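Undergrad: Shown below is the structure under consideration.
Since every read-out is calculated from the coordinates, none of them should be taken as a lab result. Everything numeric here is computed off the predicted structure, so don't read it as measured data. Positions of Cβ are backbone-derived with ideal geometry, glycine not excepted, and every protein chain shown enters the neighbour counts.
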Amino acid sequence: MGALENRVRGTAPESASTGPITREELQLASRNHAAPLESLRWPITPPGMHYLLVHFDVPQLDPFDWRLSVGGAVGIRLKLTLGELMVRPSRTITVTMECAGNGRSRLDPRPISQPWDLGAFGTAEWTGTPLAPLLAEAELADDAVELVFTGADQGVQGGVAQHYQRSLSIDDALGNDVLLAYEMNGRPLPPAHGFPLRLLVPGWYGMASVKWLRSIEAVRTPFLGYQQAIAYRYQHDDGDPGTPVQRIRVRSLLAPPGVPDFLTRNRLLEAGPVMLRGRAWSGSAPVARVDVAVDGGWARAQLEPSIGPRAWHGFSFPWVATPGVHSLACRAWDASGASQPLEPEWNAQGMGNTAVQRFDVEVVAAGSLG
């Protein structure tokens, strides 16, 4: 039973807490960045609102001195400047990205890490050059099994000194939409988003899209680095090797209507007709359906077309708000049949918690909010 058994017995694993947010978590929360839920009103998330997770420090890189090396199990080793990458054929792809830990702070006990609530998401237009032609140019060896992507950021995690590194199978890396991206929303990557170059792996949680990319190495045996073999795993408890976190699970979120109380963020809304709006996405299959609940009564929402094959869908639901406190919720399904769970599903690292969003709105008399 592992962690579930521990919860029933009232003993949390060492890596989880039932108490207040710790100082260490607060430090992480203050340096990383969640998208405010009102940003769901924008089809393309402004860069300043897009979620941001930086594992170590943001490296200061000179784009004129920077080089991308491609090596390992290849026939031709490459070393490319940013200018050489930018003159290659390019694509712009609209991609919804999400951190695998989104919703972690809503688990009980709470796994100790970046304490995301629900804001670790964003949708941007990424421009770059496709990875597959570059690998063909390097003459990837027939017996290569994975590509290891190494960023310039470095630090210590789990007692292991490391550069941030992740790998993809050859098949996943050769996907049509996998890019070496150098622009976000039509401008050079902001420093914290990976300037001058990052990997972009649409449909996967954000940990796969390595930032400040400095090297790509083809390897003949599976990569077992920290961020691959230890971090980003679905685990029952601390001792479980778990299964890898990969594609984004289906999720929907409502943009809270009305206005917030400054401290509590509780919502206040004037009585009358209101159109509830939100976004839904999945990394495995297109979103097929979204339901909205008002005070526990579920009904089908109007689902809009996606703004791109790798991007979210808008949805809307008309509601006549009457005075009093009302509970709102939303739930999505994708074309594979996967749906959001009604309650959180606990795991030791707090990954992939896409439980249904629920919140209360206090509806007040029309005109009382000015």
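Undergrad: Report, by chain and number, residues whose modeled amide H sits under 5 Å from the one on VAL210, excluding near sequence neighbours (fewer than 5 apart, same chain).
TA: Under 5 Å from the amide H of VAL210 lie the amide H atoms of LEU199, each far enough along the sequence or on another chain.
Undergrad: Compute the Rg to Rh ratio over the stretch 74-167 from the alpha carbon atoms, using the Kirkwood formula for Rh, and round to two decimal places. Spell out each step's value before the answer.
TA: On the way: Rg = 18.1 Å, Rh = 17.0 Å.
Using Cα coordinates only, the ratio equals 1.06.
Undergrad: Which residue fluctuates most in the GNM of the chain (Cα springs below 10 Å): PRO115, PRO89, PRO241?
TA: PRO89
Undergrad: May I ask for the longest run of the chain untouched by trypsin sites (Lys or Arg not before Pro) that are loop-located per DSSP and have at most 15 neighbouring C-beta atoms (other than their own) within 10 Å? All intermediate terms of the calculation are to be shown ahead of the outcome.
TA: Values: sites that count: ARG67, ARG77, ARG220, ARG265.
The reported range is 78-219.
Undergrad: Next question, about the same structure. Normalised by the number of residues in the stretch 251-364, what is the relative contact order in percent for Cα pairs under 8 Å and 6+ residues apart?
TA: 32 percent
Undergrad: Another question about this same structure. Among GLY19, VAL74, ALA231, which residue has its Cα positioned farthest towards the positive end of the charge dipole of the stretch 3-244, with +1 placed on the Cβ of Lys and Arg, -1 on the Cβ of Asp and Glu, and the dipole taken about the Cα centre?
TA: After comparing all options, I get GLY19.
Undergrad: Sort THR127, THR322, THR96 by Cβ crowding within 10 Å, fewest neighbours at the top. Walk me through the numbers before you get to the answer.
TA: Working: THR127 21, THR322 9, THR96 25.
With the fewest neighbours first, THR127, THR322, THR96 line up as THR322, THR127, THR96.
Undergrad: Using Cβ contacts closer than 10 Å as the measure, can you line up ASP62, ASP117 from fewest to most?
TA: Values: ASP62 7, ASP117 14.
Final ranking by Cβ density, sparse to dense: ASP62, ASP117.
Undergrad: Okay, moving on. Extent of the chain along each principal axis, from alpha carbon coordinates, in Å, largest to smallest?
TA: Here the Cα extents, ordered largest to smallest, are 70, 48, 38 Å.
Undergrad: I'd like the chymotrypsin sites (Phe, Trp or Tyr not before Pro) in the stretch 62-157 restricted to DSSP loop residues with at most 11 other Cβ atoms within 10 Å, sorted by number.
TA: Values: sites: PHE64, TRP66, TRP116, PHE121, TRP126, PHE149; in loops: PHE64, TRP66, TRP116.
Qualifying residues, ordered by number: PHE64.
Undergrad: Over all directions, what mean area does the Cα convex hull of the stretch 166-230 project, stated in square nanometres? List each step's numbers first, then the result.
TA: Working: hull surface 19.7 nm².
Value for the stretch 166-230: 4.9 nm².
Undergrad: What 222 nm value per residue comes from the helices of the chain, counting each DSSP H run with n ≥ 4 as -39,500 (n - 2.57) and dividing by all residues, nearest 500 deg cm²/dmol?
TA: Numbers: 6 runs with 36 residues, N = 370.
Taken over the chain, the calculation gives -2000 deg cm²/dmol.
Undergrad: Once Rh is set to the Kirkwood radius over Cα pairs, what Stokes-Einstein translational diffusion coefficient, in µm²/s, holds for the stretch 46-97 at a temperature of 37 °C and a viscosity of 0.692 mPa s?
TA: Value of D from the Cα-based Kirkwood radius: 225 µm²/s.
Undergrad: So, one more: Name the long-range amide H neighbours of LEU140: under 5 Å, sequence gap of 5 or more, or other chain; modelled H, no Pro or chain starts.
TA: Amide H neighbours of LEU140: GLY75.
Undergrad: Right, something else. Compute the relative contact order of the stretch 3-244 as a whole-number percentage, counting only Cα pairs closer than 8 Å that sit 6 or more residues apart in sequence.
TA: Details: 492 pairs, mean separation 55.8, N = 242.
23 percent.
Undergrad: Then there's this: Taking the Cα-to-Cβ direction at GLU362 and at ASP65 and moving 7 Å from each Cα, how far apart do the two end points lie in nm?
TA: It works out to 5.6 nm between the two label points.
Undergrad: What distance in nm separates the two pseudo spin-label positions at ALA161 and GLU139, each 7 Å out from Cα along the beta-carbon direction?
TA: 3.7 nm
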